[in-house]
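Trainee: Below you will find the structure I want to go over with you.
Nothing in this text is a laboratory measurement; each read-out follows from the coordinates by a stated rule. Model, not experiment: these values are computed from the prediction. Note that each Cβ is placed from the backbone with ideal geometry, even for glycine, and that neighbours are counted across all protein chains shown.
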Amino acid sequence: MPSAVAPSPLEPLQAPRAAPKPSPAGRPGVDRPLRIGLLTYRGNPYCGGQGVYTRQLSRALAGLGHQVEVLSGQPYPEIDPGVQLTPVPSLDLYRQPDPFRVPNWREFHDAVDLLEFGVMCTAGFPEPLTFSLRAWRMLKRRRGDFDLVHDNQCLGYGILGIARDCAPVIATIHHPITVDRRLDLQHAEGIRKRLALQRWYGFTRMQVRVARRIPRILTPSETSRRDVAEAFGIPARRMGMVTLGVDTESFRPVPQVARVEGRIITTASADVPLKGLANLLHALARLRETHPEAHLVVIGKPREESRTTQLIRDLRLLGAVQFRSGLDEEQIAELYAESQTAVVPSLYEGFSLPAVEAMASGVPLLATRGGALPDVVGEDGEAGILVDTGDPEALRAALVRLLDDELLRHRLAAGGRRRALERFSWAATARATAAEYVDFLGTQPRC
């Protein structure tokens, strides 16, 4: 459990602190642009929401005239012109195609490297902790370079070191990872698997402790804000709500691409119970009894010999389920254009980028009521169909309606696109985030 490691024992290994650089004249964000350091401990642009959030928010903030530098661990995000990317290299122990690798001894340079490898060897997940320590070490040599540092749900102990060393810190928590832990443990088979999961999720105790000491936290929905307040024990008054956005130019209807009959699309970037893929697979197996043309494209990649791959075999869905990974936005948009419907079967979402991407793409959307999905999709039925969480039969029945009713598909496609255009843009997200920065900095002492 890495939470026993506090920042202070590593102090002797750090370079001497540089004297803080004088801040430019004027109030940041009011009289002059902000200088923002955006931290993301992993920024994979093709798998999961952290890389999307990092790229789109940094681009939109730079578009407002602010100076943005992204500090990221591997896999590094894609960054647009006008934004600086500063790598924070790790041992990259989970890289493909050799996850859980054993590094060459020459790769070890300091105690943080040893800590990273040691935690992995004891079945823990070290990246939030070790990335935060490396970022802290790097930023101590650059005191005065940033008006504030924005942590993208790393919440490692090093973040407290950054805040202590005169770089005000604000953090985004997309949803409490304790929800993932609870659902994974509920679906775990056998005591050994449950013990292994408890060890893997040991970093969540650290994240709770760190989050409680960060003075300002952003969440992407009211549902997420409420759940973070409850799970982490943080007063709601310390949290602001800023919805995420969607690139409506990349994700748009492509009328020249023909729909493929029976094609259903979903995103499951993480092969975990939280995403509800198992329920969708059960629904698909029943659906194919009446609609044999129905098939599923999953944007994501399952673990080898995982519960998902075994379930596909058990349900006799080999050939009816296709996984696609490593896709760029253009390729994902084309897959949406080929699909008759998109499904978000999650048991919980703090926001759901796949939902707004499907709506923006003009694909009829079916989603559960998990977490913030009703806030994103809307309860009026104009932008998508909502069903109860964890109910394969409800998913099957809704899919029958969608596949059999062309007029319904057209209505939901138009309503979803309209809702995405009206409510979700990265420019609006950046403006609201920058306003949170300015408000937060107004409460901080000048360094």
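Trainee: Please arrange 332, 159 by how many other C-beta atoms lie within 10 Å of their C-beta, fewest to most.
Mentor: Details: 332 21, 159 30.
Ordered by Cβ neighbours within 10 Å, fewest first: 332, 159.
Trainee: Let me ask you something else. Given 287, 403, 362, which one lies farthest toward the positive end of the charge dipole of region 263-424, if we put +1 on the Cβ of every Lys and Arg and -1 on the Cβ of every Asp and Glu?
Mentor: Of 287, 403, 362, it is 287.
Trainee: For region 228-246 and region 388-418, write down the distance between their C-alpha centroids in whole Å.
Mentor: 31 Å
Trainee: Report, in debye and to the nearest 20, how large the dipole of region 242-340 comes out about its Cα centre when Lys and Arg carry +1 and Asp and Glu carry -1 on their Cβ.
Mentor: Result for region 242-340 is approximately 460 debye, rounded to the nearest 20.
Trainee: For the chain, what's the relative contact order in percent, using C-alpha pairs closer than 8 Å and at least 6 residues apart?
Mentor: Result for the chain is 15 percent.
Trainee: Still on this model: Computed from the mean reciprocal separation of all distinct C-alpha pairs, what Kirkwood hydrodynamic radius does region 263-424 have, in Å?
Mentor: Values: mean 1/r = 0.0649 Å⁻¹.
Answer for region 263-424: a Kirkwood hydrodynamic radius of 15.4 Å.
Trainee: Here is a further query. How far apart, in nanometres, would the label points at residue 192 and residue 141 be if each is projected 7 angstrom from Cα along the Cα-to-Cβ direction?
Mentor: Between residue 192 and residue 141, the label points sit 4.5 nm apart.
Trainee: With +1 on each Lys and Arg Cβ and -1 on each Asp and Glu Cβ, and nothing else charged, work out how big the dipole of region 61-211 is about its Cα centre, in Debye to the nearest 20. Don't skip to the end; give the middle numbers.
Mentor: Details: 18 positive and 17 negative charges, 132 e Å.
Dipole about the Cα centre, nearest 20: 640 debye.
Trainee: Which of the peptides 85-93, 376-384 is most tightly packed, and how do the rest follow, judged by the mean count of other Cβ atoms within 10 Å per residue? Before the final figure, lay out each step's value.
Mentor: Numbers: 85-93: 18.0, 376-384: 20.2.
Put in order of decreasing packing, that is 376-384, 85-93.
Trainee: Moving on to the next point. Which one, 302, 413, 343, projects farthest toward the positive side of the charge dipole computed for region 263-424 from Cβ point charges (K/R +1, D/E -1)?
Mentor: Looking along the dipole axis, the top candidate is 302.
Trainee: Mind ordering 75-81, 214-220 by average Cβ neighbours within 10 Å, highest first? Present the calculation step by step, with values, prior to reporting the outcome.
Mentor: Numbers: 75-81: 17.0, 214-220: 21.6.
Ranked by mean Cβ neighbours within 10 Å, highest first: 214-220, 75-81.
Trainee: Just to be sure I understand, if you calculate Cα extents along the principal axes in Å for this structure, which of (i) 141, 78, 49; (ii) 70, 52, 38; (iii) 97, 50, 46 do you get?
Mentor: Checking each listed value against the structure points to (ii).
Trainee: Tell me which lysines have Cα within less than 16 Å of residue 275's Cα, excluding those fewer than 8 residues away on the same chain?
Mentor: Cα-Cα hits under 16 Å: 301.
Trainee: Name the GluC sites (Glu not before Pro) in region 226-298 that are in a loop by DSSP and that have at most 16 other C-beta atoms within 10 Å, would you? It would help to have the intermediate numbers written out before the result.
Mentor: On the way: sites: 230, 249, 261, 289, 293; in loops: 249, 261, 289, 293.
Those that pass, being in a loop and sparsely packed, are 249, 261, 289, 293.
Trainee: Moving on to the next point. How far, in nm, would the chain grow between residue 316 and residue 21 when pulled straight, counting 0.36 nm per residue and subtracting the alpha carbon separation?
Mentor: Values: separation 295, 0.36 × 295 = 106.20 nm, distance 6.36 nm.
Contour length minus the Cα-Cα distance gives 99.8 nm.
Trainee: Okay, next question. Grab the Cα-Cα distance for residue 96 and residue 212, subtract it from 0.36 nm times how many residues apart they are, and report the gain in nm with one decimal. It would help to have the intermediate numbers written out before the result.
Mentor: On the way: separation 116, 0.36 × 116 = 41.76 nm, distance 3.40 nm.
Result for the pair: 38.4 nm of gain on full extension.
Trainee: Right, next: Determine the gain in length on full extension of the stretch residue 290-residue 421; use 0.36 nm per residue of separation and subtract their C-alpha separation, reporting nm with one decimal.
Mentor: On the way: separation 131, 0.36 × 131 = 47.16 nm, distance 3.56 nm.
Answer, rounded to one decimal: 43.6 nm.
Trainee: On a C-alpha basis, how far is the centre of region 349-371 from the centre of region 66-97 in Å? Whole number, if you could?
Mentor: The distance from the Cα centre of region 349-371 to that of region 66-97 comes to 27 Å.
Trainee: Considering only 66, 187, 109, give the residue with the highest GNM mean-square fluctuation for the chain, with springs between Cα atoms whenever their separation is below 10 Å.
Mentor: Ranking 66, 187, 109 by mean-square fluctuation puts 109 first.
Trainee: Under unit Cβ charges (Lys, Arg +1; Asp, Glu -1), what dipole magnitude, rounded to 20 debye, does region 263-424 have relative to its Cα centre? Each step should come with its number before you reach the end.
Mentor: On the way: 19 positive and 24 negative charges, 50 e Å.
That gives a dipole near 240 debye.
Trainee: Could you tell me how many degrees, from 0 to 90 and to the nearest 10, lie between the Cα long axis of helix 127-140 and the main elongation axis, the longest principal axis, of the Cα atoms of the chain?
Mentor: Computed tilt is about 40 degrees.
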